[in-house]
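Below is one structure; the comments refer to it alone.
The numbers here are math on the coordinates, done by the rules we state, and not lab data. Quick caveat: nothing in here was measured; it's all calculated off a predicted structure. Here the Cβ is made from the backbone with ideal geometry for all residues, glycine too, and neighbour counts use every protein chain on show.
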């Protein structure tokens, strides 16, 4: 019997024997058939709940206008649909205030706002977590334009209380409070060491996307003579002679090694990563990145 014939020959049953049990193997087969149904972008916005308790079945029957027979069935499979949920983790530590052509925190705000508008247009739930060396602000995910405006207001007007960085504090926080699978978008320069155990736990239960914001002056130095550089998180200062080609070359090598270390650490946990420069347009790189992400999820 082919699939088309099965569909033609199907019939609905509304009379059940509640005393006749259904084998666990049959229930699992039915749930598997439902799970394998195709969805756009493979988002699978549902959860299947197998209900065998008579009291719960009776409650569901009372709620379902066209389903009083649910109470008589030995098993009920409830399909719970869910919206997509996105949490934006935005790094507002001291290093985010650096920038040659444009500050990194300004680029983070621009990128976060663009993605939030896109999510709101698709009726997704959006939440926010502002982090320095601790979670300074958390807004639970909700839908709606008013909620989006509130999130943007928090992003614009929040004043960081600390200058140091610990992205791991946000990762650990979200790992504890998020029950349903969500997409976590982390915007940071990722210059500080990342808590790999925490990232591994979060990545196991949720989709994690790392948007790294960098600046050209973090990768190479111009030839402008003596320059005093200051760590914006610790206040530590160092004096460099940028007219020395050896100094500029060594700075470039160290920066390249740091880039490799950051990307390697993120790839180790299969975290999709994109690097954006603070002074460059982010529209085309983001569009390409999320287009490839959708193709990967539907493949």
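Contact order, relative form, for the range 1-112: 26 percent (alpha carbon pairs under 8 Å, 6 or more residues apart, mean separation divided by residue count).
Mind pulling the per residue volume of the convex hull built on the Cα atoms of the range 188-229? Å³ is fine.
Normalising the Cα hull of the range 188-229 by residue number yields 76 Å³.
Dimensions of the range 21-99 along the principal axes, based on C-alpha atoms and rounded to the nearest Å, stand at 66, 27, 21, largest first. For the chain, the convex hull drawn through the C-alpha positions has a volume of 181 cubic angstrom per residue.
Counting alpha carbon pairs within less than 8 Å and at least 6 residues apart, what relative contact order, in whole percent, applies to the range 85-298?
Reported relative contact order: 23 percent.
Of all DSSP beta bridges confined to the range 85-298, the antiparallel ones make up roughly 30%. For the pair residue 196 and residue 2, the difference between a 0.36 nm per residue extended length and the Cα-Cα distance amounts to 64.9 nm. Over the chain, DSSP H runs of length four or greater, each weighted -39,500 (n - 2.57), average out per residue to a 222 nm ellipticity of -13000 deg cm²/dmol. Dividing the Cα radius of gyration of the range 57-122 by 2.2 N^0.38 Å, with N the residue count, gives 2.19. Sorted fewest first by neighbouring Cβ atoms within 10 angstrom, 86, 251, 16, 157 come out as 157, 16, 251, 86. Give me the Debye-computed log₁₀ of I(q)/I(0) at q = 0.17, 0.20, 0.27 Å⁻¹ for the range 127-180, equal point scatterers on Cα only, no solvent, two decimals. Evaluating at q = 0.17, 0.20, 0.27 Å⁻¹ gives log10 I(q)/I(0) of -0.58, -0.76, -1.08.
Expected output is a single nm value to one decimal: the length gained when fully extending between residue 28 and residue 56, i.e. 0.36 nm times separation in residues minus the C-alpha distance. What is it? Can you show the working numbers first?
Values: separation 28, 0.36 × 28 = 10.08 nm, distance 1.98 nm.
The residue 28-residue 56 span can extend by a further 8.1 nm.
Over the range 140-299, the pair-distance histogram of Cα-Cα distances with 5 Å bins from zero comes to 1, 7, 12, 16, 19, 18, 12, 7, 5, 3, 1, 0 percent, rounded to whole numbers. Distance between Cα centroids, the range 90-104 to the range 139-169: provide it in whole Å. Rounded to whole Å, the Cα centres lie 16 Å apart.
Paramagnetic label reach from residue 275 (point 7 Å along Cα→Cβ; backbone nitrogen cut-off under 17 Å): within the range 236-254, residues 249-254.
How large is Rg/Rh for the range 103-159, to two decimals, with Cα atoms and a Kirkwood Rh?
Working: Rg = 11.2 Å, Rh = 11.7 Å.
Rg divided by Rh gives 0.96.
Considering all projection directions equally, how large on average is the shadow of the alpha-carbon convex hull of the range 90-208, in square nanometres? Can you show the working numbers first?
Numbers: hull surface 28.3 nm².
Reported value for the Cα convex hull: 7.1 nm².
For the peptides 144-155, 203-214, 117-128, residues were scored by their other Cβ atoms within 10 Å and the scores averaged per peptide; the highest-first order is 203-214, 117-128, 144-155.
What fraction of the DSSP beta bridges in the range 186-299 is antiparallel, stated in percent and rounded to the nearest 5?
On the way: 5 of 14 bridges.
Antiparallel bridges make up about 35 percent of those DSSP assigns within the range 186-299.
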